[in-house]
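Student: I have a structure I would like to understand better, so I am pasting it below and will then ask my questions one at a time.
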Amino acid sequence: SEDVNYGEEMGYKITGIEPGAGVVAAAEGTIEEYENLEGWEVVTSSSGAMATALGEAIDNEEPIIVTGWSPHWKFQKYDVKYLEDPKGVFGDAETINTMVREGLEEENPEAYKILDQFQWESADIESIMLEISNGTDVEEATTAWVEENSDKVAEWTAGTEKVDGVEIELAYVEWDTEVASTNVVGKVLEDQGFDVTLTPLDNAVMWQAVSEGQADGMVAAWLPGTHATQLETYGDSVVDLGVNLEGAKIGLVVPAYMDIDSIEDLTP
Ligand code: PBE
């Protein structure tokens, strides 16, 4: 709008998350694609620091632009909105896919089958993410969800036998979505008798670990856009078990009180 220069108020900064995240790369892409973003920059930090900055800005009714994604608890906790992206830099709807290492099917068929059958919805993951964002311990929140959703869990474990201490290692990145999903799958595997290790890594390293067989799998592949670079590099040496969640999305997110609707409304 004409009476406020949000760019100046925000120091021409977009509040990013981890440098390896696809949404950060896409936000950097918007600075190249949109002429009105000339001179802006994406400041990287962590998902936690981004969430803190967003909460503080909202408490003070200050402008802020963050690299955002769905599913995410911020849409339940705050009145926030995506900025329209007429140039389509952030792509359309995304899916979250499960990727495992080559050989897992033969070497660990029960875990393979559970990972293959794992599939849920935004409302499921968001309820856990909201709990965690409100201070509930990750293990407590995921354990409670698994106990309360035994029907869904039974579909994931259908046709598998319990095991006795078979090792399984899942890689993930400490993004709120992946903390929730990876811990839920880890809990389900643990309840089936697996000896589960969850290993937090940088995004590219997570993909690499699965492609080289250091990790058995991950439930954190955002496709087709967000992790396109990683898929191109590692796609041939991982096994795609398909979608575990539909209707994911990335973009720039602002508090609803900001008087702009589109990336194009930002001033240089
Ligand atoms: N995210 C959450 C990730 C994928 C999952 C949107 C922060 C990313 O940008 O790579």
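None of the figures in this text is laboratory data; all of them are computed from the coordinates on show. The shown structure was predicted, so the numbers you read here are calculated from the model rather than taken from an experiment. Heads up, the Cβs are rebuilt from the backbone with ideal geometry, glycines too, and the neighbour counts pull from every protein chain shown.
Student: Expressed as an acute angle from 0 to 90° and rounded to the nearest 10, what is the orientation of the C-alpha long axis of helix 122-133 relative to the principal long axis of the chain?
Tutor: The angle comes out at about 80 degrees.
Student: Could you state, as a whole-number percent, how many of the C-alpha pairs of the stretch 94-246 are farther apart than 25 Å? Walk me through the numbers before you get to the answer.
Tutor: On the way: 2523 of 11628 pairs.
Roughly 22 percent, rounded to a whole number.
Student: Could you list which residues have their amide H under 5 Å from that of residue 72, counting only those 5 or more apart in sequence or on another chain, with H placed in the peptide plane?
Tutor: none
Student: Here's something else I'd like to know. Could you work out how far apart the two model spin labels at residue 134 and residue 232 are, taking each label as a point 7 Å from the Cα in the direction of the beta carbon, and quote it in nm?
Tutor: In this crude spin-label approximation the distance works out to 4.2 nm.
Student: To continue, here is another question. Tell me, what ³J(HN,Hα) does each residue in the stretch 56-63 have, in order and in whole Hz, if you take phi through Karplus 6.51 cos²θ - 1.76 cosθ + 1.60 with θ = phi - 60° and put x for Gly and Pro?
Tutor: 5, 4, 5, 4, 9, 6, 9, x
Student: Suppose a student asked you for the relative contact order of the stretch 94-246, using Cα pairs under 8 Å spaced at least 6 residues apart; what percent would you report? All intermediate terms of the calculation are to be shown ahead of the outcome.
Tutor: Values: 251 pairs, mean separation 67.7, N = 153.
The value is 44 percent.
Student: Counting only DSSP beta bridges with both residues in the chain, tell me the antiparallel percent, nearest 5.
Tutor: On the way: 18 of 30 bridges.
So the antiparallel bridges amount to about 60 percent of the total.
Student: Please find, in a Gaussian network model of the chain (springs between Cα atoms separated by less than 10 Å), the residue of 51, 228, 158 whose mean-square fluctuation is greatest.
Tutor: 158
Student: According to the Kirkwood expression over distinct Cα-Cα pairs, how big is the hydrodynamic radius of the stretch 1-141, in Å?
Tutor: 17.7 Å is the Kirkwood radius here.
Student: Please identify every one of the GluC sites (Glu not before Pro) in the stretch 140-240 that sits in a loop by DSSP and has no more than 12 other beta carbons within 10 Å of its own beta carbon. Don't jump to the answer; show the numbers that get you there.
Tutor: Working: sites: 140, 147, 148, 155, 161, 167, 169, 174, 178, 190, 212, 232; in loops: 161, 174, 212.
Within the stretch 140-240, the qualifying GluC sites (Glu not before Pro) (loop, at most 12 other Cβ atoms within 10 Å) are 161.
Student: Ok, one more. Any number yet on Rg/Rh for the stretch 135-197, C-alpha, Kirkwood? Each step should come with its number before you reach the end.
Tutor: Working: Rg = 11.8 Å, Rh = 12.3 Å.
So for the stretch 135-197, dividing Rg by the Kirkwood Rh gives 0.96.
Student: How large is log10 I(q)/I(0) at q = 0.17, 0.21 Å⁻¹ when the Debye formula is applied to the Cα atoms of the stretch 82-161, each weighted equally and without solvent?
Tutor: -0.89, -1.04
Student: Find how much the distance from residue 190 to residue 121 grows on full extension, using 0.36 nm per residue of separation minus their present alpha carbon separation; answer in nm with one decimal. Before the final figure, lay out the partial values.
Tutor: Details: separation 69, 0.36 × 69 = 24.84 nm, distance 2.16 nm.
Between residue 190 and residue 121, full extension yields 22.7 nm more.
Student: Now for a different question. Full-extension gain between residue 262 and residue 202, please, as 0.36 nm times their residue separation minus the C-alpha to C-alpha distance. Provide the component values of the computation, followed by the final result.
Tutor: Values: separation 60, 0.36 × 60 = 21.60 nm, distance 3.05 nm.
Result for the pair: 18.6 nm of gain on full extension.
Student: At most 15 other C-beta atoms within 10 Å and a DSSP loop state: those are the exposed trypsin sites (Lys or Arg not before Pro) I care about. Give me the longest piece of the chain that has none. Don't skip to the end; give the middle numbers.
Tutor: Details: sites that count: 87, 162.
Excluding the exposed sites themselves, the longest stretch runs over 163-268.
Student: Assuming a viscosity of 1.306 mPa s and a temperature of 10 °C, what translational diffusion coefficient in µm² per second does Stokes-Einstein assign to the chain, Rh being the Kirkwood radius over Cα pairs?
Tutor: Working: Rh = 19.3 Å.
In µm²/s, the coefficient is 82.
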